[in-house]
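Below: the structure, in structure tokens.
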Amino acid sequence: MSGTEISAVRRRMLAGLDAALHLVFPPRCLCCGEAVGSDQGLCGPCWRDAGFIQGACCTRCGTPLPGQSDEALCCDECLADPPPWRQGRAALTYSETGRRLVLQLKHGDRLDLVRPLAGWMARAGAPLIGPDSILAPVPLHRLRMLKRRYNQSALLAQEIARQTGSIYVPDLFRRVRATPSQEGRSREERAANLSGAIGITNGKETVISGSRLMIIDDVITSGATLRAVAEAAISANAACVDVLLLARVARNT
């Protein structure tokens, strides 16, 4: 039997195994658990409320903009206070289904979500990702890592790199000090809270210098954390810094 025939037999066996498993364990919606037609999918209502960011969006922060356009657009907030990175994209808006998925991944130990969510992010960030791109997650402080047990941004970055063939460096950045939660703080308070809190891991400066860097995070609200990471990368002479988010809080533009 030739190699091609063996591969064909193997594919048929795997297809039969998948069909048998689906009889016992039917595919379920990633978000709510309702029955769906295929693995790693969403049911109709969850898909409707997912808030996939398509069409016009701010090229700097990824926030959705009204209408359709092939031109590079910028929201009012980024025009008034440009972020330090070059471009940014997000897969979802942080509301309804998008918010539930972020929280399930972040606090619900739903590691099964990493692969499909990273796939959505890879599609959203496709124009910015190249084979020489270095993907690095926003870091967690070691105390928070001990409590949470994993960094969801690192898991997403690793899977995006696997799907796109880009370079993954998990420990490029480090939390110099622990910071209190950002919840309930104003934009100015968030920035002050993160001042000096994020730096380059010792010995990684040469990795960043001259590199095409993409920072990965799960959700952006004010952007204070991403600004701190991007500024650290720029200070280490990164040639280009972009950001890619799973979700972002939609705002008035």
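Give the number of residues within region 122-139 that are within 11 Å of the chain's Cα centre (by Cα) and of a type in the set (A, V, I, L, M, F, W, C).
Summing the residues that are within 11 Å of the chain's Cα centre (by Cα) and of a type in the set (A, V, I, L, M, F, W, C) in region 122-139 gives 5.
Inside region 29-39, can you point out the residues that are among the aliphatic types (A, V, I, L, M) and either under 17 Å from the mean Cα position of the chain (by Cα) or open to solvent by less than 50 Å² (accessible area, probe 1.4 Å) (or both)? Walk me through it before giving the result.
Keep residues of region 29-39 that are among the aliphatic types (A, V, I, L, M), which gives 30, 35-36.
Matches in region 29-39: Leu30, Val36.
Against the definition (farther than 17 Å from Cys61 by Cβ and either surrounded by 20 or more Cβ atoms within 10 Å (Cβ to Cβ) or at pLDDT 95 or above (or both)), how does Ile220 come out, yes or no? I'd like the intermediate steps shown before the answer.
Details: farther than 17 Å from Cys61 by Cβ: no; either surrounded by 20 or more Cβ atoms within 10 Å (Cβ to Cβ) or at pLDDT 95 or above (or both): yes.
When the stated conditions are applied, Ile220 does not pass them.
Collect the residues in region 139-173 that are open to solvent by 30 Å² or more (accessible area, probe 1.4 Å) and of a type in the set (Gly, Ala, Ser), keeping them in residue-number order.
Selection gives Gly165 alone.
Pull up region 81-138, narrow it to residues that are within 19 Å of Gly165 (Cβ to Cβ) and among the basic types (Lys, Arg), then point me to the one that is most open to solvent (accessible area, probe 1.4 Å).
Ranking the candidates gives Arg123 first.
Report, by residue number, each residue of region 40-54 that is over 23 Å from Gly125 (Cβ atoms) and open to solvent by 40 Å² or more (accessible area, probe 1.4 Å).
Pass one, region 40-54, residues over 23 Å from Gly125 (Cβ atoms): 43-45, 48.
Once the filter is applied, which keeps residues that are over 23 Å from Gly125 (Cβ atoms) and open to solvent by 40 Å² or more (accessible area, probe 1.4 Å), region 40-54 yields Gly44, Pro45, Arg48.
Can you name the number of the only condition in (1) over 15 Å from the mean Cα position of the chain (by Cα); (2) surrounded by fewer than 21 Cβ atoms within 10 Å (Cβ to Cβ); (3) of a type in the set (S, T, N, Q) that Ser211 fails?
All conditions pass for Ser211, except number (2).
Out of Gly88, Gly62, report the one residue that is at pLDDT below 95 and in contact with a strand residue (DSSP E or B) (Cβ under 9 Å, 6 or more places away or on another chain). Quick ask: steps written out before the conclusion?
Working: Gly88 fails: at pLDDT below 95.
Within the list Gly88, Gly62, the selection yields Gly62.
Residues Gly119, Gly130: which one is in contact with a helix residue (DSSP H, G or I) (Cβ under 8 Å, 6 or more places away or on another chain) and small (Gly, Ala, Ser)?
Values: Gly130 fails: in contact with a helix residue (DSSP H, G or I) (Cβ under 8 Å, 6 or more places away or on another chain).
Result of the check over Gly119, Gly130: Gly119.
The values are calculated or read from the model by the stated rules, or taken from the named source; none is laboratory data. Because the structure is a prediction, the values reported are computed rather than measured. Heads up, the Cβs are rebuilt from the backbone with ideal geometry, glycines too, and the neighbour counts pull from every protein chain shown. These area figures cover heavy atoms from the full protein model, side chains too; ligands, DNA and RNA do not enter into them. Shrake-Rupley method; radii C 1.70, N 1.55, O 1.52, S 1.80 Å.
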